Amino acid sequence: MTKKIKWGILSTGHIANKFAKALAILPQAKLVAVASRNVSTTQKFAKEHNVPRAYATYEELVRDPEIDVVYIGTPHTFHLENSILCMRNGKSVLCEKALTINAEEAKKMVQVAHEENVFLMEAMIPRHVPLLKKAIQWIKDGRIGEVRMVKASRCARGVFPPGARQLNPNLGGGSLLDVGVYVISFASQIFGKAPTEVIGMSHIGDYGSDEQGVAILKYDNGEIADLSFALRTNAVDEAYILGTKGYIKVDEVFAVPTKASLFIDNNEVEILEEPIIGNALNYEAEEVMRCLNEGLKESPHMPLDESIQIMEVMDALRKPWGLTYSNDKQG
Ligand SMILES: NC(=O)c1ccc[n+]([C@@H]2O[C@H](COP(=O)([O-])OP(=O)(O)OC[C@H]3O[C@@H](n4cnc5c(N)ncnc54)[C@H](OP(=O)(O)O)[C@@H]3O)[C@@H](O)[C@H]2O)c1
């Protein structure tokens, strides 16, 4: 019989609010506590989302004996510290993307998960969306032949005041960690291996963070991924998976994918259309609960070694850009 999973939320920002809404539609989930660095923020969040306990420090949250798993929605530079705090207190963790700011931090985080024998997963919504799983089945069924290229773009036009997390280099802001991680993770999922060559280019904006960038990844059998990511540039959010017989196009792939099309010889031969249930964060929460109920320590859909490998790709990309984050040195 599946056990009801008790959640804690660490932080009260934009995505933490969305996650609380996602849990609210899942009958097998119970949100029992939230923590903020600030007492009034945590109380406001608890009231809005009907959370029984509101803590004014993260340390109090992780000592709550009822909590099975903590969702971490802090800026990138705090993911390692916050996750370790949870795991050292016996809690499983769902940590927002990007898992950390660099591969060295990611390896440390995974090592602690192993030492504490707790579940850990990077929150990467597209991995768990049913429509995308069905579209990927087209590849497994050989419908597009051998996959040779991936083209994906995750660009959003945001207006960010100075200091906002998204472009704040001291909080691990910038397009690579914030949205580039989606397209790199997508290429990794499709090809199922690490690239052998990585090149890219970025523009460092007025706030000292990368506002937009491109990456070309090449794989051992000549496969290529052509990826773009941006935080201040309006663009279509879509992905193409290109094969020797045909290709797949997914619309709004990294936000709310609701349509995927299969093309053979440039003719659209099949369409998958499926509405997103909830705000899509519920899909990753469901995967965490499935894993916990099955006693798994990581998800087969977002394996920890792959999260580390994705961080390695991002490290390699930004090295020639001279792009560093505040805690790179300690990483
Ligand atoms: N999956 C998605 O669709 C999605 C979308 C957006 C963002 N994200 C990810 O979610 C994470 C957070 O993004 P967000 O947009 O929710 O950020 P946000 O609105 O700025 O919230 C971040 C929260 O982190 C906490 N925090 C702890 N130390 C902080 C510090 N020194 N400065 C600022 N905040 C601090 C704060 O909560 P307290 O004050 O309560 O402690 C704050 O509310 C990032 O990893 C981001 O990549 C994911």
Review point. Can you tell me the accessible area per residue over the chain, all protein chains present, probe 1.4 angstrom, in square angstrom?
Key: 43 Å²
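With r defined as the distance between the Cβ atoms of residue 204 and residue 266 and R0 fixed at 41 Å, what FRET efficiency is calculated, to the nearest 0.05? Display every interim value, and only then the final one.
On the way: r = 39 Å, r/R0 = 0.95.
Calculated transfer efficiency: 0.60.
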**Study point:** Ellipticity estimate at 222 nm from DSSP helix runs (n ≥ 4, -39,500 (n - 2.57)) divided over the chain, nearest 500
**Key:** -9500 deg cm²/dmol
Revision key, fill the gap. Semi-axes in Å, largest first, for the chain (Cα gyration tensor, √(5λ)) are 32, 24, 19
Check your understanding: In debye to the nearest 20, how big a dipole does the stretch 214-331 give about its Cα centre with +1 on each Lys and Arg Cβ and -1 on each Asp and Glu Cβ?
Key -> 520 debye
Review point. In debye, nearest 20: dipole of the stretch 130-275 around its Cα centre with unit charges on the Cβ of K, R (+) and D, E (-)?
Key: 200 debye
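Would you mind getting me the FRET efficiency between residue 88 and residue 236? Use the beta-carbon distance for r and R0 = 56 Å, nearest 0.05.
Numbers: r = 43 Å, r/R0 = 0.76.
E between residue 88 and residue 236, to the nearest 0.05, is 0.85.
How big is the dipole moment of the chain about its Cα centre under a simple scheme where the beta carbon of each Lys and Arg is +1, that of each Asp and Glu is -1, and everything else is neutral? Debye, nearest 20, please.
Working: 37 positive and 42 negative charges, 148 e Å.
Once rounded to the nearest 20, the dipole reads 720 debye.
Sequence gap at least 6, Cα distance under 8 Å: using those rules, report the relative contact order of the stretch 130-275 to the nearest whole percent.
Values: 331 pairs, mean separation 43.9, N = 146.
Relative CO of the stretch 130-275 lands at 30 percent.
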**Study point:** Nearest-10 value in Å² for the accessible area of residue 6, using the 1.4 Å probe
**Key:** 50 Å²
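Net charge around residue 50, counting only other residues with Cβ within less than 14 Å of its Cβ (Lys, Arg = +1; Asp, Glu = -1)?
Result for the local shell: +4.
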Review point. Aspartates and glutamates near residue 44 by alpha-carbon distance under 20 Å, same-chain residues fewer than 8 away left out - which ones?
Key: 59, 60, 64
Exercise for review: Could you pull out every one of the aspartates and glutamates with an alpha carbon less than 16 Å from that of residue 259, ignoring same-chain neighbours closer than 8 positions?
Suggested key: 237, 238, 251, 268, 270, 273, 274
Check your understanding: So what's the gap between the Cα centers of the stretch 221-275 and the stretch 83-123, to the nearest angstrom?
Key -> 31 Å
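Using Cα pairs closer than 8 Å and at least 6 residues apart in sequence, work out the relative contact order for the chain, in percent. Before the final figure, lay out each step's value.
Details: 726 pairs, mean separation 63.0, N = 331.
The value is 19 percent.
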Check your understanding: Counting other Cβ atoms within 10 Å, which trypsin sites (Lys or Arg not before Pro) in the stretch 78-143 have at most 12 and lie in a DSSP loop?
Key -> none
**Study point:** Spin-label proximity, residue 279 to the stretch 225-256 - amide N less than 17 Å from point 7 Å beyond Cα toward beta carbon
**Key:** 254-256
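Using a 1.4 angstrom probe on the protein heavy atoms only, could you order 14, 76, 301 from most to least accessible area?
Values: 14 145, 76 5, 301 70 Å².
Reading off the accessible areas and sorting them downward yields 14, 301, 76.
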Exercise for review: Round to the nearest 0.05 the FRET efficiency obtained for residue 220 and residue 137 when R0 = 30 Å and r is the Cβ-Cβ distance.
Suggested key: 0.80
Practice item. Can you tell me the 0 to 90 degree angle between the C-alpha axis of helix 14-24 and the longest principal axis of the chain, rounded to 10? Key: 80 degrees
Point to revise | Projected label distance in nm at residue 146 and residue 40, using a 7 Å step from Cα toward the beta-carbon | key: 6.3 nm
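Carbon and sulfur: what percent of the stretch 130-275's accessible surface (1.4 Å probe)? Intermediate values should be presented prior to the final figure.
Numbers: 3260 of 6510 Å².
Carbon and sulfur: 50 percent of the exposed surface of the stretch 130-275.
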Exercise for review: Taking amide H positions as placed in the peptide plane 1.01 Å from N, state which residues far from residue 233 in sequence (5 or more) or on other chains have amide H under 5 Å from it.
Suggested key: 156, 157, 158
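The values are calculated or read from the model by the stated rules, or taken from the named source; none is laboratory data. Note that the coordinates shown come from a computational prediction; the quantities given were computed from them, not determined experimentally. Methodologically, a virtual Cβ is constructed for each residue, glycine included, from the backbone with ideal geometry; neighbour enumeration extends over all protein chains shown. These accessible areas exclude ligands, DNA and RNA; they are computed on the full protein's heavy atoms, side chains included. Shrake-Rupley method; radii C 1.70, N 1.55, O 1.52, S 1.80 Å.
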